[in-house]
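A quick write-up on the structure given underneath.
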Amino acid sequence: MSKKSGGPASAHIEVFGRIRPSKRPSSHLEVDYADHALSVTIPKGDGGLINNQKERWAFPFSRILDASTTQELVFETVARPVVDSVLEGYNGTIFAYGQTGSGKTFTITGGAERYVDRGIIPRAIAYVFQKVAERTEFIYEVRISYLEIYQNSGYDLLDEKHDTKSIDDLPKVTLLEDEEGRTHLRNLSAQLARSEEEALNLLFVGDTNRMISETPMNLASSRSHCIFTISIDARRPDSEVVRRSKLHLVDLAGSERIKKTGIEGKVLNEAKYINVSLHFLEQVI
(Lines give C-alpha, C1' and ligand atoms only; values in the text may rest on other atoms or scores of the structure.)
Protein backbone atom coordinates (compact mmCIF):
# COMPACT_ATOMS: atom_id res chain seq x y z
CA MET A 1 0.00 0.00 0.00
CA SER A 2 1.13 3.54 -0.60
CA LYS A 3 -0.34 6.91 0.13
CA LYS A 4 0.27 10.46 -1.09
CA SER A 5 -1.02 13.40 0.85
CA GLY A 6 -0.75 17.05 -0.10
CA GLY A 7 -0.91 18.18 3.52
CA PRO A 8 1.99 19.96 5.18
CA ALA A 9 2.51 17.16 7.71
CA SER A 10 2.98 14.50 5.04
CA ALA A 11 4.05 15.96 1.70
CA HIS A 12 5.78 12.82 0.48
CA ILE A 13 4.80 9.31 -0.51
CA GLU A 14 4.67 6.76 2.29
CA VAL A 15 4.73 3.03 1.59
CA PHE A 16 3.35 0.40 3.98
CA GLY A 17 3.94 -3.34 3.69
CA ARG A 18 1.02 -5.50 4.84
CA ILE A 19 1.59 -9.23 5.30
CA ARG A 20 -1.36 -11.47 4.53
CA PRO A 21 -2.06 -14.27 7.07
CA SER A 22 -0.89 -17.69 5.89
CA LYS A 23 -1.33 -21.21 7.20
CA ARG A 24 2.26 -21.96 6.17
CA PRO A 25 4.41 -18.81 6.54
CA SER A 26 7.38 -18.78 4.18
CA SER A 27 10.82 -19.33 5.64
CA HIS A 28 12.22 -17.11 2.86
CA LEU A 29 10.55 -13.97 4.28
CA GLU A 30 12.13 -12.00 7.13
CA VAL A 31 10.59 -8.98 8.88
CA ASP A 32 12.81 -6.30 10.39
CA TYR A 33 10.47 -4.27 12.61
CA ALA A 34 13.27 -2.01 13.88
CA ASP A 35 14.21 -0.76 10.40
CA HIS A 36 10.70 -1.25 8.91
CA ALA A 37 11.95 -3.57 6.17
CA LEU A 38 11.12 -6.88 4.53
CA SER A 39 13.78 -9.17 3.10
CA VAL A 40 13.34 -12.16 0.82
CA THR A 41 15.98 -14.88 0.49
CA ILE A 42 15.94 -17.26 -2.49
CA PRO A 43 18.66 -19.96 -2.44
CA LYS A 44 20.85 -20.15 -5.51
CA GLY A 45 19.93 -22.69 -8.12
CA ASP A 46 22.29 -24.99 -9.94
CA GLY A 47 24.28 -22.54 -12.05
CA GLY A 48 27.50 -24.46 -12.56
CA LEU A 49 30.89 -23.60 -11.12
CA ILE A 50 30.30 -19.85 -11.25
CA ASN A 51 26.90 -18.71 -9.97
CA ASN A 52 26.43 -15.01 -9.33
CA GLN A 53 22.68 -15.28 -8.86
CA LYS A 54 21.41 -12.85 -6.26
CA GLU A 55 20.03 -14.50 -3.14
CA ARG A 56 18.67 -11.70 -0.97
CA TRP A 57 16.44 -8.71 -1.65
CA ALA A 58 15.58 -6.05 0.94
CA PHE A 59 12.61 -3.67 0.74
CA PRO A 60 12.30 -0.67 3.10
CA PHE A 61 8.87 0.63 4.14
CA SER A 62 7.43 3.44 6.21
CA ARG A 63 5.99 0.73 8.45
CA ILE A 64 5.33 -3.01 8.40
CA LEU A 65 1.80 -4.23 9.13
CA ASP A 66 2.10 -7.91 9.99
CA ALA A 67 -0.51 -10.67 9.72
CA SER A 68 -2.01 -9.80 13.12
CA THR A 69 -2.85 -6.22 12.07
CA THR A 70 -6.58 -5.48 12.22
CA GLN A 71 -8.56 -3.55 9.65
CA GLU A 72 -9.10 -0.81 12.23
CA LEU A 73 -5.35 -0.42 12.80
CA VAL A 74 -4.74 -0.31 9.04
CA PHE A 75 -7.20 2.57 8.75
CA GLU A 76 -5.74 4.45 11.72
CA THR A 77 -2.17 4.00 10.48
CA VAL A 78 -2.52 4.41 6.73
CA ALA A 79 -5.76 6.23 5.97
CA ARG A 80 -6.85 8.51 8.81
CA PRO A 81 -3.94 11.01 8.43
CA VAL A 82 -4.74 11.29 4.71
CA VAL A 83 -8.47 11.76 5.34
CA ASP A 84 -7.69 14.45 7.94
CA SER A 85 -5.58 16.33 5.37
CA VAL A 86 -8.40 16.09 2.80
CA LEU A 87 -10.83 17.58 5.32
CA GLU A 88 -8.37 20.46 5.69
CA GLY A 89 -8.49 21.12 1.94
CA TYR A 90 -5.60 19.03 0.57
CA ASN A 91 -5.90 16.25 -2.00
CA GLY A 92 -4.91 12.75 -0.90
CA THR A 93 -4.50 9.33 -2.53
CA ILE A 94 -4.13 5.80 -1.21
CA PHE A 95 -3.08 2.94 -3.51
CA ALA A 96 -3.43 -0.78 -2.77
CA TYR A 97 -0.74 -2.49 -4.85
CA GLY A 98 0.33 -6.11 -5.01
CA GLN A 99 0.14 -9.48 -6.69
CA THR A 100 -3.15 -11.16 -7.56
CA GLY A 101 -4.67 -12.66 -4.41
CA SER A 102 -2.54 -10.66 -1.97
CA GLY A 103 -5.53 -9.04 -0.25
CA LYS A 104 -5.73 -5.59 -1.87
CA THR A 105 -9.52 -5.54 -2.21
CA PHE A 106 -9.91 -6.82 1.35
CA THR A 107 -7.76 -3.93 2.59
CA ILE A 108 -9.49 -1.26 0.51
CA THR A 109 -13.11 -2.46 0.54
CA GLY A 110 -13.14 -5.12 3.25
CA GLY A 111 -14.78 -8.46 3.88
CA ALA A 112 -18.52 -8.98 3.51
CA GLU A 113 -19.07 -11.45 6.34
CA ARG A 114 -18.12 -9.43 9.44
CA TYR A 115 -18.66 -5.75 10.23
CA VAL A 116 -15.23 -5.59 11.87
CA ASP A 117 -13.65 -6.57 8.53
CA ARG A 118 -14.82 -3.46 6.67
CA GLY A 119 -11.99 -1.83 4.76
CA ILE A 120 -10.53 1.61 4.20
CA ILE A 121 -13.33 2.92 1.93
CA PRO A 122 -16.31 2.30 4.27
CA ARG A 123 -14.27 3.44 7.27
CA ALA A 124 -13.20 6.61 5.42
CA ILE A 125 -16.83 7.31 4.51
CA ALA A 126 -17.93 6.95 8.14
CA TYR A 127 -15.04 9.12 9.34
CA VAL A 128 -15.75 11.89 6.80
CA PHE A 129 -19.42 12.19 7.74
CA GLN A 130 -18.55 12.06 11.44
CA LYS A 131 -16.14 14.99 11.05
CA VAL A 132 -18.51 16.90 8.75
CA ALA A 133 -21.23 16.69 11.43
CA GLU A 134 -18.81 17.95 14.09
CA ARG A 135 -17.50 20.94 12.09
CA THR A 136 -20.54 23.19 12.17
CA GLU A 137 -18.50 26.25 11.18
CA PHE A 138 -18.53 25.00 7.56
CA ILE A 139 -21.23 23.98 5.10
CA TYR A 140 -20.11 20.75 3.42
CA GLU A 141 -21.11 18.99 0.20
CA VAL A 142 -19.85 15.44 -0.34
CA ARG A 143 -19.93 13.73 -3.73
CA ILE A 144 -18.91 10.22 -4.76
CA SER A 145 -17.34 9.01 -8.00
CA TYR A 146 -16.34 5.45 -8.88
CA LEU A 147 -14.16 4.87 -11.94
CA GLU A 148 -13.13 1.52 -13.38
CA ILE A 149 -10.18 1.21 -15.77
CA TYR A 150 -10.35 -2.01 -17.76
CA GLN A 151 -7.97 -2.70 -20.66
CA ASN A 152 -7.03 1.00 -20.98
CA SER A 153 -10.68 2.15 -21.08
CA GLY A 154 -12.52 3.98 -18.32
CA TYR A 155 -16.08 3.25 -17.16
CA ASP A 156 -18.43 4.96 -14.70
CA LEU A 157 -19.46 2.35 -12.12
CA LEU A 158 -22.20 4.61 -10.72
CA ASP A 159 -24.49 4.36 -13.72
CA GLU A 160 -27.88 5.75 -12.69
CA LYS A 161 -29.75 3.15 -14.77
CA HIS A 162 -28.62 0.33 -12.43
CA ASP A 163 -29.33 -2.30 -15.09
CA THR A 164 -25.77 -3.25 -15.99
CA LYS A 165 -25.36 -6.73 -17.47
CA SER A 166 -21.81 -6.32 -18.75
CA ILE A 167 -19.06 -3.73 -18.72
CA ASP A 168 -20.16 -2.51 -22.17
CA ASP A 169 -23.42 -1.31 -20.61
CA LEU A 170 -21.58 1.20 -18.42
CA PRO A 171 -20.99 4.81 -19.56
CA LYS A 172 -17.53 5.08 -21.09
CA VAL A 173 -15.28 7.72 -19.54
CA THR A 174 -12.84 9.63 -21.73
CA LEU A 175 -9.76 11.58 -20.68
CA LEU A 176 -9.47 15.18 -21.89
CA GLU A 177 -6.83 17.84 -21.37
CA ASP A 178 -7.53 21.58 -21.47
CA GLU A 179 -5.30 24.40 -22.71
CA GLU A 180 -3.67 24.76 -19.29
CA GLY A 181 -2.69 21.08 -19.14
CA ARG A 182 -5.34 20.07 -16.61
CA THR A 183 -7.02 16.71 -17.11
CA HIS A 184 -10.77 16.16 -17.09
CA LEU A 185 -12.83 12.98 -17.14
CA ARG A 186 -15.85 13.23 -19.42
CA ASN A 187 -18.92 11.14 -18.47
CA LEU A 188 -17.70 10.39 -14.94
CA SER A 189 -20.57 11.23 -12.61
CA ALA A 190 -20.20 12.76 -9.15
CA GLN A 191 -23.16 11.59 -7.10
CA LEU A 192 -24.30 13.70 -4.14
CA ALA A 193 -24.17 11.81 -0.82
CA ARG A 194 -26.06 13.49 2.03
CA SER A 195 -25.28 10.80 4.58
CA GLU A 196 -23.01 7.86 5.32
CA GLU A 197 -25.80 5.50 4.28
CA GLU A 198 -26.16 7.12 0.85
CA ALA A 199 -22.40 6.98 0.28
CA LEU A 200 -22.26 3.29 1.28
CA ASN A 201 -25.14 2.54 -1.10
CA LEU A 202 -23.12 4.12 -3.92
CA LEU A 203 -20.14 1.97 -2.96
CA PHE A 204 -22.37 -1.12 -3.12
CA VAL A 205 -23.69 -0.16 -6.58
CA GLY A 206 -20.16 0.38 -7.87
CA ASP A 207 -18.83 -2.88 -6.46
CA THR A 208 -21.76 -4.73 -8.03
CA ASN A 209 -20.89 -3.31 -11.44
CA ARG A 210 -17.18 -4.01 -11.13
CA MET A 211 -15.56 -6.35 -13.65
CA ILE A 212 -14.82 -9.78 -12.17
CA SER A 213 -13.02 -12.65 -13.87
CA GLU A 214 -11.37 -15.92 -12.89
CA THR A 215 -7.63 -16.59 -12.91
CA PRO A 216 -5.71 -19.70 -11.81
CA MET A 217 -4.25 -17.74 -8.86
CA ASN A 218 -7.48 -16.24 -7.52
CA LEU A 219 -10.98 -17.40 -8.46
CA ALA A 220 -12.46 -13.99 -7.60
CA SER A 221 -9.72 -11.78 -8.96
CA SER A 222 -10.55 -8.22 -9.96
CA ARG A 223 -9.32 -7.64 -13.50
CA SER A 224 -9.45 -3.85 -13.44
CA HIS A 225 -8.18 -0.81 -11.58
CA CYS A 226 -10.86 0.99 -9.57
CA ILE A 227 -10.72 4.53 -8.19
CA PHE A 228 -13.24 5.49 -5.51
CA THR A 229 -13.23 9.27 -5.06
CA ILE A 230 -14.76 11.31 -2.24
CA SER A 231 -15.00 14.97 -3.26
CA ILE A 232 -15.52 17.48 -0.47
CA ASP A 233 -16.62 21.10 -0.94
CA ALA A 234 -16.52 23.30 2.14
CA ARG A 235 -17.44 26.96 2.67
CA ARG A 236 -18.31 29.19 5.59
CA PRO A 237 -21.96 30.34 5.83
CA ASP A 238 -20.95 34.00 5.39
CA SER A 239 -18.60 33.40 2.46
CA GLU A 240 -18.87 32.52 -1.23
CA VAL A 241 -15.36 31.02 -1.25
CA VAL A 242 -15.48 27.24 -1.74
CA ARG A 243 -12.59 24.99 -0.68
CA ARG A 244 -12.43 21.83 -2.77
CA SER A 245 -10.45 18.66 -2.05
CA LYS A 246 -10.54 15.03 -3.14
CA LEU A 247 -9.71 11.70 -1.54
CA HIS A 248 -8.81 8.99 -4.07
CA LEU A 249 -8.90 5.38 -2.84
CA VAL A 250 -7.42 3.10 -5.49
CA ASP A 251 -7.74 -0.67 -5.70
CA LEU A 252 -5.26 -1.68 -8.37
CA ALA A 253 -5.61 -4.88 -10.38
CA GLY A 254 -3.25 -7.65 -9.31
CA SER A 255 0.05 -8.10 -11.07
CA GLU A 256 0.92 -11.56 -12.41
CA ARG A 257 3.84 -13.47 -13.87
CA ILE A 258 2.20 -14.60 -17.07
CA LYS A 259 4.67 -17.43 -17.71
CA LYS A 260 4.19 -18.82 -14.19
CA THR A 261 0.39 -18.65 -13.98
CA GLY A 262 -0.23 -20.24 -17.38
CA ILE A 263 -3.15 -17.97 -18.27
CA GLU A 264 -4.32 -17.66 -21.86
CA GLY A 265 -6.97 -16.14 -24.10
CA LYS A 266 -8.99 -13.22 -22.72
CA VAL A 267 -7.42 -13.41 -19.27
CA LEU A 268 -3.93 -13.29 -20.83
CA ASN A 269 -4.87 -10.12 -22.69
CA GLU A 270 -6.22 -8.59 -19.47
CA ALA A 271 -2.99 -9.43 -17.63
CA LYS A 272 -0.89 -7.74 -20.30
CA TYR A 273 -2.84 -4.49 -19.94
CA ILE A 274 -2.62 -4.74 -16.13
CA ASN A 275 1.14 -5.30 -16.06
CA VAL A 276 1.86 -2.50 -18.53
CA SER A 277 -0.26 0.01 -16.62
CA LEU A 278 1.34 -0.95 -13.29
CA HIS A 279 4.78 -0.58 -14.88
CA PHE A 280 4.03 2.99 -15.96
CA LEU A 281 2.46 3.80 -12.57
CA GLU A 282 5.67 2.64 -10.89
CA GLN A 283 7.70 4.92 -13.16
CA VAL A 284 5.48 7.91 -12.38
CA ILE A 285 5.68 7.39 -8.60
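Does Val128 satisfy the condition of being open to solvent by less than 10 Å² (accessible area, probe 1.4 Å), touching a Lys or Arg at 6+ places or on another chain (Cβ under 9 Å) and not acidic (Asp, Glu)? Considered against the rule, which asks whether it is open to solvent by less than 10 Å² (accessible area, probe 1.4 Å), touching a Lys or Arg at 6+ places or on another chain (Cβ under 9 Å) and not acidic (Asp, Glu), Val128 comes out as no.
Among the residues of segment 78-96, not a single one is closer than 21 Å to Phe228 by Cβ and modelled with pLDDT under 85. Among the residues of segment 107-124 satisfying the criterion of being touching a Lys or Arg at 6+ places or on another chain (Cβ under 8 Å) and farther than 11 Å from Asp251 by Cα, which is surrounded by the fewest Cβ atoms within 10 Å (Cβ to Cβ)? Here the answer is Gly111. Cβ contacts < 7 Å: first residue among the hydrophobic types (A, V, I, L, M, F, W, C), restricted to segment 184-208; second residue modelled with pLDDT under 95 and assigned to a loop (DSSP other than H, G, I, E, B), any location; separation 6+ or different chain. Result? What qualifies is Leu202/Leu158; Val205/Leu158; Val205/His162.
The criterion of at least 3 residues that are open to solvent by less than 50 Å² (accessible area, probe 1.4 Å) and at pLDDT below 80 is met by the following strands (runs of 3 or more DSSP E) wholly inside segment 1-73: 2-5. Taking the criterion of being open to solvent by less than 10 Å² (accessible area, probe 1.4 Å) and part of a helix (DSSP H, G or I), the residues of segment 79-106 that qualify are Ala79, Val82, Val83, Val86, Leu87. Taking every residue in segment 72-84 that is β-branched (Val, Ile, Thr) and pairing it with any residue that is part of a helix (DSSP H, G or I) and buried (at least 22 other Cβ atoms within 10 Å of the Cβ), at least 6 positions away or on another chain, the pairs with Cβ-Cβ distances below 6 Å are Val83/Ala124. Does segment 249-259 contain any residue that is at pLDDT below 80 and open to solvent by 80 Å² or more (accessible area, probe 1.4 Å)? Yes, segment 249-259 contains a residue that is at pLDDT below 80 and open to solvent by 80 Å² or more (accessible area, probe 1.4 Å). Inside segment 192-211, can you point out the residues that are outside any helix (DSSP H, G or I) and either of a type in the set (A, V, I, L, M) or buried (at least 18 other Cβ atoms within 10 Å of the Cβ) (or both)? Listed by number, the residues that qualify are Leu192, Ala193, Arg210, Met211.
The values are calculated or read from the model by the stated rules, or taken from the named source; none is laboratory data. What you are looking at is a predicted structure, and each value in this text was computed from that prediction instead of being measured. Here Cβ is always computed from backbone atoms with ideal geometry, including for glycine, and neighbour counts include all displayed protein chains. The accessibility values were calculated without ligands, DNA or RNA, using every heavy atom of the protein model including side chains. Shrake-Rupley method; radii C 1.70, N 1.55, O 1.52, S 1.80 Å.
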